[in-house]
1. Please verify whether segment 59-80 includes one or more residues that are touching a Ser or Thr at 6+ places or on another chain (Cβ under 6 Å) and either surrounded by 13 or more Cβ atoms within 10 Å (Cβ to Cβ) or farther than 22 Å from Thr145 by Cα (or both).
2. Restricting to segment 31-53, what's the tally of residues that are over 20 Å from His152 (Cβ atoms) and either aliphatic (A, V, I, L, M) or outside any loop (DSSP other than H, G, I, E, B) (or both)?
3. I'd like the residue in segment 160-173 that is outside any helix (DSSP H, G or I) and surrounded by 13 or more Cβ atoms within 10 Å (Cβ to Cβ) and, out of all such residues, is modelled with the lowest pLDDT.
4. Consider only pairs whose beta carbons are under 8 Å apart and that are at least six residues apart or on different chains; among these, list those whose first residue lies in segment 120-136 and is at negative phi and whose second residue is among the polar types (S, T, N, Q) and in a helix (DSSP H, G or I).
5. Grab the helices (runs of 4 or more DSSP H) fully contained in segment 54-159, keeping just those with 1 or more residues being of a type in the set (Val, Ile, Thr) and within 15 Å of the chain's Cα centre (by Cα).
6. Report yes if some residue within segment 117-137 is among the charged types (D, E, K, R), buried (at least 20 other Cβ atoms within 10 Å of the Cβ) and over 26 Å from Pro22 (Cα atoms); otherwise report no.
7. What's the number of the condition Pro41 fails, among (1) under 20 Å from Gln129 (Cβ atoms); (2) in contact with a helix residue (DSSP H, G or I) (Cβ under 8 Å, 6 or more places away or on another chain)?
8. Taking Ile88 as the residue in question, decide whether it is at pLDDT 95 or above, farther than 28 Å from Arg8 by Cβ and surrounded by 14 or more Cβ atoms within 10 Å (Cβ to Cβ).
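The values are calculated or read from the model by the stated rules, or taken from the named source; none is laboratory data. If you're wondering where the values come from, they're calculated on a predicted model, not measured in any experiment. Cβ coordinates were reconstructed from backbone atoms using ideal geometry, including for glycine residues, and neighbour counts include every protein chain displayed.
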Amino acid sequence: MMTLRCTRKLLEALRAPPAAEPAPTSTVLGDWYANLYEAQPGRVVLCLNERSLLAVLVEFGDAPLLVRAIGRSVANLLARIGVPEDSILLERAAIAKVQFSPTANRRVLGCLNEAAFAISHEFDAMHPQYFCDHEDYLSRLNYSTTGYQPPHALARELFQAACPGSQRNLALIH
């Protein structure tokens, strides 16, 4: 199970009732934070992981569509940064069940706003075929919250710690 910590704007747009007391997240990466942005040709949801600050972009849709899109985007990003396939499958299975909750960590929310600002010049032409390029760019940003360690490196470390006997070494991809 994963907790998607949404801004008020996104919760209202999804019409998703937030969990009063969210259950603990069972994913390696932990909770994700999300906000809704107006873009062309349609609205975009930027999601930022609480532990690593990895970011994914998905087209806005109703709650079930959004959950599936986040799962696909996270799996694709993890593959691009070199996370072993068996770890990706486990993470994606855990992400398949989502509980919605309001944001709770102002530092992560600040990083979400910083990530949105970093790509805000692209919101006028935010086409889904370029989401991967934006995600790759955001995965290399440095944040003081993580001691200036890039999100892709931190995510690989989290998976290495969670699955130390993994068959494939988490080589530096970026």
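1. If we filter segment 59-80 for residues that are touching a Ser or Thr at 6+ places or on another chain (Cβ under 6 Å), which is where we start, we get none.
Within segment 59-80, not a single residue is touching a Ser or Thr at 6+ places or on another chain (Cβ under 6 Å) and either surrounded by 13 or more Cβ atoms within 10 Å (Cβ to Cβ) or farther than 22 Å from Thr145 by Cα (or both).
2. Residues in segment 31-53 being over 20 Å from His152 (Cβ atoms) and either aliphatic (A, V, I, L, M) or outside any loop (DSSP other than H, G, I, E, B) (or both): 6 in total.
3. Step one: list which residues in segment 160-173 are outside any helix (DSSP H, G or I), which gives 163-173.
Next, from what is left, pick out any that are surrounded by 13 or more Cβ atoms within 10 Å (Cβ to Cβ): 163, 166, 170, 173.
Details: Cys163: 75, Ser166: 51, Leu170: 42, Ile173: 39.
The qualifying residue modelled with the lowest pLDDT is Ile173.
4. Here the result reads Phe131/Ser73; Cys132/Asn76; Glu135/Ser73, each pair linking segment 120-136 to a residue that is among the polar types (S, T, N, Q) and in a helix (DSSP H, G or I).
5. On the way: elements: 63-80, 85-95, 106-119, 131-138.
Because the criterion is at least 1 residues that are of a type in the set (Val, Ile, Thr) and within 15 Å of the chain's Cα centre (by Cα), the helices (runs of 4 or more DSSP H) in segment 54-159 that meet it are 63-80, 85-95, 106-119.
6. Of segment 117-137, the ones among the charged types (D, E, K, R) are 122, 124, 133, 135-136.
Adding the requirement that they be buried (at least 20 other Cβ atoms within 10 Å of the Cβ) leaves 135.
Narrowing the set further to residues that are over 26 Å from Pro22 (Cα atoms) leaves 135.
For segment 117-137, residues among the charged types (D, E, K, R), buried (at least 20 other Cβ atoms within 10 Å of the Cβ) and over 26 Å from Pro22 (Cα atoms): present.
7. (2)
8. Values: at pLDDT 95 or above: yes; farther than 28 Å from Arg8 by Cβ: yes; surrounded by 14 or more Cβ atoms within 10 Å (Cβ to Cβ): yes.
So Ile88 passes the test.
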